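Asks: Before I ask anything, here is the structure I am working with.
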Amino acid sequence: MNPYLDVQHLSKSFGALTLFRDISFSIGEGQKVGLIAKNGTGKSTLLSILSGKEGYDTGSIVFRRDLKVGMLEQSPVFDPDESVLDACFNHQGEEEKVLKAKQVLTQLKIRDLSQRMGELSGGQQKRVALANVLLTEPDLLILDEPTNHLDLEMIEWLEGYLTRGNRTLLMVTHDRFFLDRVCSVILELDDQTVYTYRGNYAYYLEKRQERIDNRRAEVARANNLYRTELEWMRRMPQARGHKARYREEAFYELEKVAKQRLEERQLRLKASNVYIGSKIFECQYISKKFDDIVILKEFYYNFSRFEKMGIVGNNGTGKSTFIKMLLGQEPVDEGRIVIGETVKFGYFSQEGLQFNEQEKVIDVVTKIAEYVDLGSGKKLSASQLLQYFLFTPEQQYNYVYKLSGGERRKLYLCTVLMQNPNFLVLDEPTNDLDIVTLQILEEYLQDFPGCVIVVSHDRYFMDKVVDHLLVFRGQGDIKDFPGNYTQYREWEKMEAGSTCKTSSNSPISQTSPKASYRHDDRRRLSYKEKRKMEQLEKDIAALEDEKKRIEEALCGGTTSVDEITAMSKRLPILNDELDEKSMRWLELSEIEG
């Protein structure tokens, strides 16, 4: 293996806080390495050290000579007056490089390359920064949370991009599907040291549990020995002469092991004192649009009691707008939303809570409530809730300004839960949360006895939490799907495969989840509807061919600038036509049975 990076005995502290001590690891050519750690333990600091933007206390960092390193930061900074193209890539007038930039930016849904950077949202700027680091084609890619601000379609494209070829990668991400599919080595930064697992995320989970079990057994053995030695130390102070000195020294070493704190949680937080009535909310044929962008079109939905719904879709299709209409923060154009009298919303927004930097963590939460009533005479104090979400007693008395970005998001989540809602509405709750916190939140939501709506691009999180999806496809087209995200993607692939078959002699297999609800007395297609169905099959096949040609041209590197611009405009229209015709075909095929 050709070594690209070798880190030996690296240590970093901020005052009395030690982030890591004497850590060592290496990255070889072609390795794709994922870095995992809890919020506030030094992931981003380590990446900043490796990129040369942060110093370190002791140790050595050696890159291969002449190695080109590309770094994607969490919060990139651009000149607000330069154009997207200039900010993205120093093309120096070379048309080939401009074409490449256009292709990558199109995949990341940045289409106006002359737009000023200052006019873009934070998420769009992060995507430009991602395009920038990919286009410079470094030998070693260092990516800090690359999937934040990407929709599902973009995440899947990036997965494919990074897994192709012999790219070398070091990445911090909390997207577990992404980790599992892209990375072949996992580094875990835990307890101020680094553990290396030579496998993907699934392999890491298995081997990490083995490590924890071994450590727990070691601590248990040390505790038993410690009790025996403690009795000896207390009973025989007169025996502590020169001959017993070795045993006394061994005792203090044993004491260190025995007093190790295992952070693994031994309980699941279950709130049983949450009541919600049978009427939740009903969307009565609501419509909403902004200029030519249709969000909802005569949308009807009656939300069920205890339902756990996920909302997915590409950026800009109206997911957050729908949430704000439900909460009364955005008016509907037509129709109305009727909310049940017992519903008490708890809303976790993308924007987050604006904290007083000089407040202590515990005070932020106790201002909302001193405790949550769990029912059956049990209460959960603010301090216990914070500890459940991995704020140690010491951290609870830290000031807010000392918290990392992920810790702030976690504190914001605690303020929402402390309000004791019976209907949780979570808009992108997984951004910036570490994997352990995500696991805790997943458990909490699985046990939550009220209603839940989650808007998220985290496929792993959605699979574990929700049992029903609303898929926002754009221009008011919403798919109501009874299943989780993986089930939806499998159904979608089967649907795409079935629509490619154009033979009128063998009907296309129907994979719609609604198929199980058909009745034997259903009506048959009329002659006109059968001809319409055959025509739809031909239209869908033609549209699929056109889409494939455009995607191949965009990735080919030989298309002119004008052609790329025209294709970029045609592609979303083409997708809309495909969706519309596919949905009509499905409706007819359900009748046909």
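Asks: Which of (1) under 27 Å from ASP434 (Cα atoms); (2) open to solvent by 20 Å² or more (accessible area, probe 1.4 Å) is the odd one out, the single condition ILE27 does not satisfy?
Replies: Of everything listed in (1) under 27 Å from ASP434 (Cα atoms); (2) open to solvent by 20 Å² or more (accessible area, probe 1.4 Å), ILE27 misses just condition (2).
Asks: Being basic (Lys, Arg) and more than 25 Å from LEU326 (Cα to Cα) is the filter; apply it to the range 264-284 and report the residue that is modelled with the lowest pLDDT.
Replies: Taking the range 264-284 as the starting set, the residues that turn out to be basic (Lys, Arg) are 265, 268, 270, 279.
Retained after the next criterion (residues that are more than 25 Å from LEU326 (Cα to Cα)): 265, 268, 270.
Working: ARG265: 50, ARG268: 60, LYS270: 64.
My answer is ARG265.
Asks: Something else: Does the range 141-167 hold any residues that are within 13 Å of the chain's Cα centre (by Cα), of a type outside the set (A, V, I, L, M, F, W, C) and in a helix (DSSP H, G or I), and which are they?
Replies: GLU156, the sole residue that qualifies.
Asks: Sticking with this one: Are any residues in the range 270-318 in contact with a Cys (Cβ under 9 Å, 6 or more places away or on another chain) and surrounded by fewer than 14 Cβ atoms within 10 Å (Cβ to Cβ), and if so, which ones?
Replies: Selection gives TYR300, ASN302, SER304, ARG305, PHE306.
Asks: Do you know which of the residues in the range 86-101 that are at pLDDT 80 or above and open to solvent by 30 Å² or more (accessible area, probe 1.4 Å) is nearest to the chain's Cα centre (by Cα)?
Replies: The residue in question is LYS100.
Asks: Just wondering, is there one or more residues in the range 503-520 that are at pLDDT 90 or above, part of a loop (DSSP other than H, G, I, E, B) and not aliphatic (A, V, I, L, M)?
Replies: No, the range 503-520 has no match at all.
Asks: Sort out which residues of the range 155-181 are touching a strand residue (DSSP E or B) at 6+ places or on another chain (Cβ under 9 Å) and farther than 23 Å from LEU205 by Cα, and write them in order of number.
Replies: Passing the criteria: only ARG167.
Asks: Which ones in the range 456-481 are over 16 Å from TYR300 (Cβ atoms), open to solvent by 30 Å² or more (accessible area, probe 1.4 Å) and in contact with a helix residue (DSSP H, G or I) (Cβ under 7 Å, 6 or more places away or on another chain)?
Replies: Once the filter is applied, which keeps residues that are over 16 Å from TYR300 (Cβ atoms), open to solvent by 30 Å² or more (accessible area, probe 1.4 Å) and in contact with a helix residue (DSSP H, G or I) (Cβ under 7 Å, 6 or more places away or on another chain), the range 456-481 yields TYR460, ASP463, LYS464, ARG473, GLN475.
The values are calculated or read from the model by the stated rules, or taken from the named source; none is laboratory data. Everything numeric in this text was worked out from a predicted model, so none of it was measured. Neighbour counts run over all protein chains shown; Cβ positions are idealised from the backbone, glycine included. Remember, those area values only see protein heavy atoms, side chains included, never the ligands or the DNA or RNA. Shrake-Rupley method; radii C 1.70, N 1.55, O 1.52, S 1.80 Å.
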